[in-house]
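Just so it is clear, none of the values below were taken in a lab; they were calculated from the coordinates. Computed from a predicted model, the values in this text were never measured in an experiment. Here the Cβ is made from the backbone with ideal geometry for all residues, glycine too, and neighbour counts use every protein chain on show.
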Amino acid sequence: MNSDDIARYLRTHPQFFDQHPELLEAIAVPHPYGGRAIPLAERQTVALREKLKLLEGRLAELLQFGEENDAISEKVHRLSVALAGAKDFPALAASLYFHLREDFAVPHVALRVWGKSVPADFDEAQAVDEAQRHHAGTMGAPQCGPAAGNPFVPWFREASEHVRSMALVPLGQTTVFGLLALGSEDPKRFFAEMGTLYLRRIGELCAAGVTARL
C-alpha cells in the first residue's frame, strides 16, 4: 500500500477518524509555518483558519466592489435625472458636462454630434472628419486606453497635451450620430481592460437626450 492508496481509502471512508479519534492527537505532521510537529487535529485547525482568512478577504473585496458599484449607480441616477429635466439641447449639454466633471471627476469632456440640427456656433457641432465618424461608427461599444496616438485627442483643445488616458463613448445604437470623449491626466484612469458597463449607460442616456431635443 502506498500513499495514494491511503489517501484514497481515507476519502472513501470519512468515518475512519470517528472510529479512531485517538489518531487525531497521536499522528503528528509538520507545522506549515515552522519545523515543529503538531497533532493532525491542530493542523486541521490551522488549515481551517487559513481558509477562513481567505474567505474573509474575498468577502471584504466583494463588499468593497458592491459599495463602489452602489456609488457609481447613484451618480448615474443623478445624471439621468438631470438630463431628463433639461429643457433644451444647451441645458442638456451643460448638465452632462457638469455631472461628468463634478460627480464623476472627469476633468476633460468633449461632445460632438453630426447628422442632427445642432446650431453651427455650438462646440458640439464642430466638424468631425469622415475618418473619425467611421471610427466612431465601428466601435460597437465604449473604448478606453492611452491618449497617445488617439485621433480624438485634439477635441480637448489646449488641454490635449496634458491628457494621458481616454474613454470614447459612441452615441446611437443602429446608427452612430455622435461621440462622447472623456480625458484624464492620469494614465491609469481609463485603461483597455476596464469594465465599460456604466460608460455604455451614460452613452445611452446622452444619446436619448440628444435625440429627444434635436
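Modelling each spin label as a point 7 Å along the Cα-to-Cβ direction, I'd like the Glu61/Thr211 distance in nm, to one decimal.
Result: 3.8 nm between the two label points.
Can you work out the PRE-style zone for Arg157? Point 7 Å along Cα to Cβ, and I want the residues of the stretch 173-214 with backbone N under 20 Å.
Under 20 Å, as judged by backbone N against the label point of Arg157, lie 179-185 of the stretch 173-214.
Under 1.5 on a/c is rounded, so check that first for the stretch 39-198, then, if it is not, pick prolate when a/b is larger than b/c and oblate when it is not; a ≥ b ≥ c are the square roots of the alpha carbon gyration tensor eigenvalues. Let's see the in-between values first.
Working: a/c = 2.97, a/b = 2.25, b/c = 1.32.
Taking the square roots of the gyration eigenvalues as a ≥ b ≥ c, the stretch 39-198 is prolate.
Just to confirm the filter: which chymotrypsin sites (Phe, Trp or Tyr not before Pro) across the stretch 118-214 are DSSP coil and have at most 16 other Cβ within 10 angstrom of their Cβ?
For chymotrypsin sites (Phe, Trp or Tyr not before Pro) across the stretch 118-214 that sit outside H, G, I, E and B with at most 16 neighbouring Cβ atoms in 10 Å, the list reads Phe122, Phe191.
Evaluate E = 1/(1 + (r/R0)^6) for Glu185 and Ala84, where r is the Cβ-Cβ distance and R0 equals 22 Å; express this FRET efficiency to the nearest 0.05. Mind showing how you got there, number by number?
Numbers: r = 31 Å, r/R0 = 1.42.
It comes to 0.10.
Through the Karplus equation 6.51 cos²θ - 1.76 cosθ + 1.60, θ set to phi - 60°, convert the phi angles of the stretch 119-127 into ³J(HN,Hα) values in whole Hz; use x for Gly and Pro.
Rounded to whole hertz, the list is x, 4, 8, 7, 4, 5, 9, 4, 4.
Residue by residue through the stretch 93-99, what is 3J(HN,Hα) from phi via Karplus (6.51 cos²θ - 1.76 cosθ + 1.60, θ = phi - 60°)? Round to whole Hz and write x for glycine and proline.
With coefficients 6.51, -1.76 and 1.60, one gets 4, 4, 5, 4, 4, 4, 5 Hz.
Taking R0 as 35 Å, what FRET efficiency do you get between Leu48 and Asp4 from their Cβ-Cβ distance, rounded to the nearest 0.05?
So, using R0 = 35 Å, E works out to roughly 0.90.
Once amide H atoms are built 1.01 Å from N in the peptide plane, which residues 5 or more positions from Trp114, or in another chain, come under 5 Å H to H?
Gly178
Quote to one decimal, in nm, the extra length available between Asp129 and Glu102 on full extension: 0.36 nm per residue of separation minus the C-alpha distance between them.
Length gained, Asp129 through Glu102: 6.7 nm.
Picking from Gln126, Phe177, Met166, whose Cα lies most toward the positive end of the charge dipole for the stretch 121-194 (charges on Cβ: Lys, Arg +1; Asp, Glu -1)?
Ranked along the dipole, the leading option is Met166.
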